[in-house]
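What follows is calculated from the coordinates using simple rules that are stated; it is not laboratory data. Since we're looking at a predicted model, the values are computed, not measured. Note: ideal-geometry Cβ built from the backbone for every residue, glycine included; neighbour counts use all protein chains shown.
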Amino acid sequence: MLEAILQQRYYITAVLLFTIGFVTLFLHPNLLKKIIGLNLMDTAVFLFLAAMGYVEGGVAPMLEEGQEWTAYINPVPGGLVLTGIVVAVSTTALFLALTQRLYRRYHSLNLDEILILARSGEEKH
Amino acid sequence: MKDNPQWLERVIQWAAGQEQEGPEGPEDPERQEFQEYLEYIDAHGYMEFGAYRYMRRRERAALGLDAVTEAIHNPPHQPNPPKPQHRPRRRPGLLRRQLWVYRVLSVGVALCLAVIFTAVALSLPGFGETDVPALNEVAQRYLERGMEETGAVNAVTGLILEYRAFDTFGESAVLFAAAVSTALLLNAPGRRLRNYRGPDPVLSTLGRSLLPVILLFGVYVVVNGHLSPGGGFSGGAVLGAGLILASLVLGEEEMDRLLPQRTMSRATTLALLAYGLMKGYSFFTGANHLGGEIPKGTPGAILSGGLILPLNLCVGVIVACTMYTFYTLFLSREE
Amino acid sequence: MIVLEVLLLAVLICCALATVLGRGLVSSVILFMSYSAVMSIIWFLLQSPDLAVTEAAVGAGVTSLLFFLTLRGIRGRKRRGEDEG
Amino acid sequence: MENIPFFSIMLPILSAVVIPFFSKGTWAFQWIRGVQLAVAAASAALLAFLCRAGTYVTYQLGHVPAPWGNQLRAGPLEAVLALSFSLVMVLCLTGGWSDLKRDMPAHRLGSFCLLMQLLYAALLAIVYTDDLFTAYVFVEILAVTACVAVAAKESGRSVVSAIRYLIFSCLGSGLILLGIALLYSITGHLLFSGLGETVAELQASGAYQLPLVVSALLMTLGLSVKSAQVPFHAWLPDAHASATTAASGVLSGLVLKGYLVILMKLMTRVFGRELMVSSHLCDLMFFLGLGGMLFASVSALRQEEVKRMIAYSSSAQISYIFLALGLGSTYGMTAACFQILAHAFTKPMIFLGAGAMIAETGGHYWGELRGAARKMPMGGLTFTVGGLSLCGIPLLAGFSAKFCLAGAALQAGWQMTPALFGLAASSVLNAMYYIPAILVIWGRHGSDTSPIRFTRPAHPQRAAALALLLAANLLLGTAFGPIRTLLEQGVALF
């Protein structure tokens, strides 16, 4: 059991980080913490992917003539992660912009409080 | 966690239908209201639900029944920890309990997910092994024939700009969409930049000496994307960070004069357009077998890799401009 | 080597937990920065220098900067609000 | 002909990118509408071609063939979806333009058009793509643009709903991304075709069953969070109710459907129906759908605000699709597609009709909307027809979709009784909230005895859009047979 855990250490760390991020994004009332949770969740998946591409003894895929293909790590997860990182930054920026807008209006970062404030002002559109 | 037994006791009592008298007991005003509401519905029939009820709003207001329905329409089902002054109808006891449920819920969800995911992680192909399913003919071709097919030494760059270029195009579009939406959300017409307070001597000296290095490094990473680690994204991010540093060192007004917002958005648009046209050409000729391939050059030379170098430049411009745009938008505020 | 890896992974989890559970927002963001830095080191160990460079520039650089700018805007507003009150 | 899918994705994106060069919002609006109409025409041509040929086409993106490069895939079903999405998009924007100009400052209209065009491009890309990760990237574009479409209206409430929408969207994306990562780690493919083969092999050999099922579960859950299936629908009513009319129509008519298209692709091309049935994921979807149909309808009963009620009704209609997919049969798939089409044309119509009445009377609540249809007969008529269609009155689109679904349920095993019961109960519930609403809007206001005004409409474009949506609804209702045959052909080639 312990050996298996040690063997799969990257995967286990990744899923634990995913869980932490997911629960934070889902349940933490503070908006900034939620955004951090979102980033934790995304980077956890990226860690998972990066670990999956790794091959014992492989080197980074800077191709050289006459080298066996098994000498490199798998480049596909790397490509996916690069794409994913930029997507995550875009979402984070949008999220932060919305947070700033909300703060300007309600002077709070606590989503529950904002919801109550918004609901009490709901009658007037 | 100290009040666990008490909480458990309450649940048992609640389940047995014999809830305690006292602060949580039957004199709960919300419960009273709910009872009244139920009786009201009983008396007026089911049509009182839905739209019909709101036709008779005035009538109900005259009877003083609106306050009751209000309580039902904002039911306390959401585990909110609000400040009492916003909702005086809530009592602190209930709130504390809800907060507690909230925490238990988060820990419970976290534990469940962690257990499931760990089980999955343990049953996955072993880390670092060479016979995993992901190392199949797809990865093999990328590594074996990547150099001749893309002309790029860096297989990852070749992958994202040649084999899977459509994703990359979509992803630039995400970045563009995010920049436009951030501008739409934060860019009020009457905004003004933060007042420049004069450069901090330490920051200014350090920044002035670091700035050229960072910008040069960013350009290097972008231009050498097909030869060494890095590429449009990493280089663009470094360049963006450099521009932000420049803005810190030189001051926003100076920066606004050198690189106005309009130039930035024009540059992003043009770069994305160029990217789309180049890649569109390559997709179109590839799909219709029209030939028309861009010469790949000698792998390893700076002018090699066909379209990869210009594509990297475009991506670099998009990323750098967008990052800097984010920065200026977050800095500005409407007064 | 494996000890170093496990150590880094443990630091990663600790950083994540501290980021989430900590009270101050500024300290959370700083912890998030260090989380990104550790992540970038791990990716370097995993032979993905492309990712390491990008994460260092994006995660530890730009994202954290955006967090700080948001915090700054919020705190500036708070201070002004107090002055008015 | 094979180039149409590619150009119908590329053109909208490129046309969106050049919008910042337009100085006026109206020009941008005409421009994106023109592109959308062109794409609609091209999709119709593609549909005709594919139906006559009875086949599907693949489009290789770049110089490298399929397992290595990326590709698009278009069959009759994709063409139908692209065509109807384009039409609904054009009609929504046309009908909502007057509201849009009122709800938004003029300098934002251009940006709004840009985002709408990107949203449209993302929808088409999701419809045509044959690659899982490409689908994820375009799902993110959809999420970002849809969220800003909610927030673009200047009000605190819309920003609050937008942020809740974004939170749920991000949760869903996270689950989907983890699912993709797990699936990639056990298969090594990202194209749907390669994934499907490898998953079949894995299933035959019995290896990696747990990651396979968990990945399917994660993606199903993620997509149901994004498409507001009932236990995860908390964000939907606020987001749809507080957005501007055009955005509400697009969000409930199209964006939710985009996610369901991916779910359908996953079910047929990747996991296969056997795996979905044997791992009880179909049962999960079935019960989610059944619960959603009833719960969302009951919630809709209690809404006092017209747009919120319509939004809850959207959630109920999405549940029909989940129920149909949960039957796990070809008939269920056809029924789901029919429901997608019917709802895509009906819900924007209801939103636009309600928006027209709200614009006329200025009230958002039922009490304020009393007699609104008498002042705005076109809006009232479309609201009425849409409501009746969702209640299942024959000759309207909603009835045909329900009929199709009932037919699928009759072919199923144990699901038959609960499905038919749910269908009947939710139809009754639909009638319980739509019919009083219709009575309210056509009712007389106090002692007001003035007759219904049939004047020249103030916004001829909106009236035209409403009339076209009405015609489409009637067409879907009456031309039931041919459309079902078309969809069956499409599902067979999906």
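Each peptide in D:68-80, B:118-130 receives the mean, over its residues, of other Cβ atoms within 10 Å, and ordering these scores from highest gives D:68-80, B:118-130. Shape call for the range B:203-329 from the C-alpha gyration tensor, a ≥ b ≥ c root eigenvalues: rounded (a/c under 1.5), prolate (a/b greater than b/c) or oblate? Judged from the Cα gyration tensor, the range B:203-329 comes out oblate (a/c at least 1.5, b/c at or above a/b). Which residues does a label at D:Leu395 reach in the range D:456-494, if reach means a backbone N under 13 Å from a point 7 Å past the Cα toward the Cβ? Answer for the range D:456-494: D:474-475, D:477-479.
For peptide D:296-308, the mean count of partner chain Cβ atoms within 10 Å of a residue's Cβ comes to 2. Just the Cα atoms of the range D:84-171, one point each, no solvent: what log10 I(q)/I(0) does Debye give at q = 0.10, 0.14, 0.16, 0.26 Å⁻¹? For the range D:84-171, the Cα-only Debye profile gives -0.28, -0.54, -0.70, -1.31. Estimated from helices alone, the mean residue ellipticity of the protein assembly as shown at 222 nm is -24000 deg cm²/dmol (sum of -39500 (n - 2.57) over DSSP H runs with n ≥ 4, per residue). Note on B:Arg266 and D:Ala425: their simple-model spin labels are 6.3 nm apart, each label 7 Å out from Cα toward Cβ. P(r) for the range B:142-189, from all Cα pairs and a bin width of 5 Å, is 5, 21, 18, 12, 11, 10, 8, 6, 5, 2, 1 %, short bins first. Spacing of the modelled spin labels on B:Ser106 and C:Phe68, each 7 Å from Cα toward Cβ, amounts to 2.6 nm. Gyration tensor analysis over the Cα atoms of chain D returns equivalent ellipsoid semi-axes of 35, 26, 21 Å (largest first, whole Å). Residue by residue along D:102-115, Cβ atoms of other protein chains within 10 Å of the local Cβ number 2 on average. Of the residues D:Cys391, D:Thr198, D:Ala336, the one whose Cα sits farthest towards the positive end of the charge dipole of chain D is D:Cys391 (charges of +1 on Lys and Arg Cβ, -1 on Asp and Glu Cβ, taken about the Cα centre). Placing unit charges on the Cβ atoms only, positive for Lys and Arg and negative for Asp and Glu, gives the range D:293-413 a dipole magnitude near 100 debye about its Cα centre.
Note on the range D:281-494: Rg/Rh from Cα positions, Kirkwood definition for Rh, rounded to two decimals, is 1.01.
Each label was represented as a point 7 Å from its Cα along the Cα-to-Cβ direction; for D:Glu197 and D:Thr55 these points are 1.9 nm apart.
Each Lys and Arg adds +1 at its Cβ and each Asp and Glu adds -1 at its Cβ; summed about the Cα centre, the range D:281-494 shows a dipole of about 540 debye. Taken over the range D:100-231, the alpha-carbon convex hull comes to 105 cubic angstrom per residue. Highest mean packing first, where packing is the average number of other Cβ atoms within 10 Å per residue, the peptides D:460-473, B:222-235, D:138-151 line up as D:138-151, B:222-235, D:460-473.
Scaled against the 2.2 N^0.38 Å expected of a compact globular protein of N residues, the Cα radius of gyration of chain A reads 1.50. Between helix D:377-391 and chain D there is an angle of about 40 degrees, using the helix long axis and the longest principal axis of the Cα atoms. Among the residues of B:315-328, the average count of other protein chain beta-carbon atoms within 10 Å of the residue beta-carbon is 3.
Take each peptide in A:59-68, D:113-122, count the other Cβ atoms within 10 Å of every residue, and average; sorted highest first, the result is D:113-122, A:59-68. Computed log10 I(q)/I(0) for the range C:2-84 at 0.17, 0.21, 0.23, 0.26 Å⁻¹: -0.72, -0.95, -1.06, -1.18, from the Debye equation with unit scatterers placed on every C-alpha and solvent omitted.
Each distinct pair of alpha carbons in the protein assembly as shown adds a 1/r term; the inverse of their mean, the Kirkwood radius, is 29.6 Å. Put a plus charge on the Cβ of each Lys and Arg, a minus charge on the Cβ of each Asp and Glu, and nothing anywhere else: the dipole of the range A:36-110 about its Cα centre is then about 880 debye. Provide the net charge surrounding D:His240, with neighbours chosen by a C-beta distance below 13 Å and charges set as Lys +1, Arg +1, Asp -1, Glu -1. Net local charge, D:His240 excluded: +4.
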